[in-house]
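Take a look at the structure below.
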Amino acid sequence: PQDPKTLRQKTLDLARIYLAAGIDPARSTVFIQSDVPAHAELTWILSCIARMGELERMTQFKDMGKVTAERAGVGLFSYPILMAADILLYQTDLVPVGQDQKQHLELTRDLAERFNRDFGETFKVPEPYIPPVGANILSLQDPTKKMSKSDENANGSIFLLDDADTITKKIKRAVTDSGTDVNFDESRPAIKNLLTIYQLLTGKTADECIAHFVGKGYGQFKGELAEATVEFLRPFQERVKQYDDASLTTILKSGAEKAASVASVTLKTVYERMGIS
């Protein structure tokens, strides 16, 4: 359940974050999914060729529906089909995903291949792009779980709009492993995760990161990680303030019109292949 006013504001805030992060609306189409009805239409079509067993195996459904499975919404169950529609409507070649989203993309590929087999070549079958470093950033409080905005422990995640003091406190409170050296050690996932974040934010190589912290303890390491995080986010947070709601609404409306023109071509082809139109 969502409060409509809060949802609308969060939608605009997310668009503001996208633009501040460097996505250029002149080059990339930024829009609100629900402003393009083709997403919902293709979701229904794909749900008719998806299999119950496929969706029951989706990790997020199993995790989120584990406690109250009988009351889990149908939307939660079929959400991966909506994600597939998001991708296939635009004849996507490459999809950047984290390790945790790979399963959803595999379902998308299966649905595309099944539709193409049964109704004729219609969809491009997308490939995943998983970054070699940082494909799965872990919680600061539990390195067995991914860093997530829905984490009940607020100290587990760093948010893009956190202020400097909040970021520093979260990193200093981050759990560590036994030992003292700072290294990319698979047997010490907490330190490996923190060092991966440091590597991503500073642009250093893995060897440079290890060499930099030789002889330095966890305390100094966390201090430098906090400083690097704050400095990395500072210019981004300044850019966020540049976008007001009116300018965002204009950008999103223009993006929806452009997206709809592309999506409608795919949807028309889908209907023709199926004999619906």
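Taking Thr229, Thr108, Thr205 as the candidate residues, the one with maximal mean-square fluctuation in a Gaussian network model of the chain, Cα springs under 10 Å, is Thr205.
The GluC sites (Glu not before Pro) of the range 210-277 include none that DSSP puts in a loop with a beta carbon having at most 15 other beta carbons within 10 Å. Taking a sphere under 10 Å around the Cβ of Ile32 and counting the other residues whose Cβ falls inside, with K and R at +1 and D and E at -1, yields a net charge of +1. Taking the protein heavy atoms of the range 77-119 in the context of the full set of protein chains, the accessible area attributed to carbon and sulfur is 51 percent at 1.4 Å. Across the range 145-153, coupling constants 3J(HN,Hα) worked out from phi with the 6.51/-1.76/1.60 Karplus curve, θ = phi - 60°, read 10, 6, 5, 9, 5, 8, 4, 5, 8 Hz, and Gly and Pro carry x. Averaged per residue, the range 79-171 has 52 square angstrom of accessible surface, using a 1.4 angstrom probe with ligands and nucleic acids left out. Each Lys or Arg adds one and each Asp or Glu subtracts one; over the other residues with Cβ under 11 Å from the Cβ of Val97, this totals -2.
Starting from the Cα gyration tensor of the range 210-277, take the square roots of the eigenvalues, sort them a ≥ b ≥ c, and report rounded, prolate or oblate (rounded when a/c is under 1.5, otherwise prolate if a/b is larger than b/c, else oblate).
Details: a/c = 7.25, a/b = 2.22, b/c = 3.26.
Because a/c hits 1.5 or more and a/b fails to exceed b/c, the range 210-277 counts as oblate.
Within the accessible area of the range 216-277, the carbon and sulfur atoms contribute 56%, probe 1.4 Å, all protein chains present.
For Lys169, what charge total do you get from the other residues with a beta carbon under 12 Å from its beta carbon, if Lys and Arg give +1 and Asp and Glu give -1? Write out the running numbers ahead of the final one.
Numbers: positive: Lys170, Lys172, Arg173, Lys222; negative: Asp162, Asp163, Asp165.
Net local charge, Lys169 excluded: +1.
Here the range 101-118 and the range 39-59 have alpha carbon centers that stand 10 Å from each other. Over the chain, DSSP H runs of length four or greater, each weighted -39,500 (n - 2.57), average out per residue to a 222 nm ellipticity of -18000 deg cm²/dmol. For the range 93-174, a crude dipole built from +1 on the beta carbon of Lys and Arg and -1 on the beta carbon of Asp and Glu, taken about the Cα centre, is about 300 debye to the nearest 20.
In loop segments of the range 1-65 as defined by DSSP, the trypsin sites (Lys or Arg not before Pro) with at most 14 further C-beta atoms inside 10 Å of their C-beta are Arg27, Arg51, Arg57. Within a straight-line Cα-Cα reach of under 22 Å, Lys204 can be paired with the following lysines, leaving aside sequence neighbours fewer than 8 residues apart in one chain: Lys172, Lys192, Lys216, Lys222. The charge dipole of the range 1-66, taken about the Cα centre with unit charges on the Cβ atoms of Lys, Arg (+1) and Asp, Glu (-1), comes to about 160 debye, rounded to the nearest 20. Remark: C-alpha extents of the range 196-240 on the principal axes read 38, 21, 11 Å, sorted largest to smallest.
Kindly state, as a whole number, the per residue volume in cubic angstrom of the convex hull around the alpha carbon atoms of the chain. Walk me through the numbers on the way to the answer.
On the way: hull volume 44.2 nm³, N = 277.
Looking at the chain, the number lands at 160 Å³ per residue.
Taking Ala20, Ala263, Ala72 as the candidate residues, the one with maximal mean-square fluctuation in a Gaussian network model of the chain, Cα springs under 10 Å, is Ala72.
Taking the Cα centre of the chain as origin, sum charge times position over the Cβ atoms of Lys and Arg (+1) and Asp and Glu (-1), and report the length of that vector in debye to the nearest 20.
Working: 34 positive and 38 negative charges, 61 e Å.
It comes to approximately 300 debye.
Rounded, prolate or oblate for the range 1-143? Axes are the square roots of the Cα gyration tensor eigenvalues, ordered a ≥ b ≥ c, and the cut-off for rounded is a/c under 1.5. Rounded shape, in that the Cα axes give a/c under 1.5.
With a cap of 12 neighbouring Cβ atoms within 10 Å, and only residues DSSP puts in a loop, list the GluC sites (Glu not before Pro) found in the range 34-131. Numbers along the way, then the final one.
Numbers: sites: Glu41, Glu54, Glu56, Glu70, Glu106, Glu113, Glu121; in loops: Glu121.
Taking the range 34-131 and a limit of 12 other Cβ atoms within 10 Å, the loop GluC sites (Glu not before Pro) found are Glu121.
The values are calculated or read from the model by the stated rules, or taken from the named source; none is laboratory data. This structure is a prediction, so every number in the text was calculated from the model and none was measured. Glycine gets a Cβ as well: all are built from the backbone with ideal geometry, and neighbour counts include every protein chain shown. Each accessible area value is taken on the protein alone, full model and side chains, heavy atoms only, with ligands, DNA and RNA left out. Shrake-Rupley method; radii C 1.70, N 1.55, O 1.52, S 1.80 Å.
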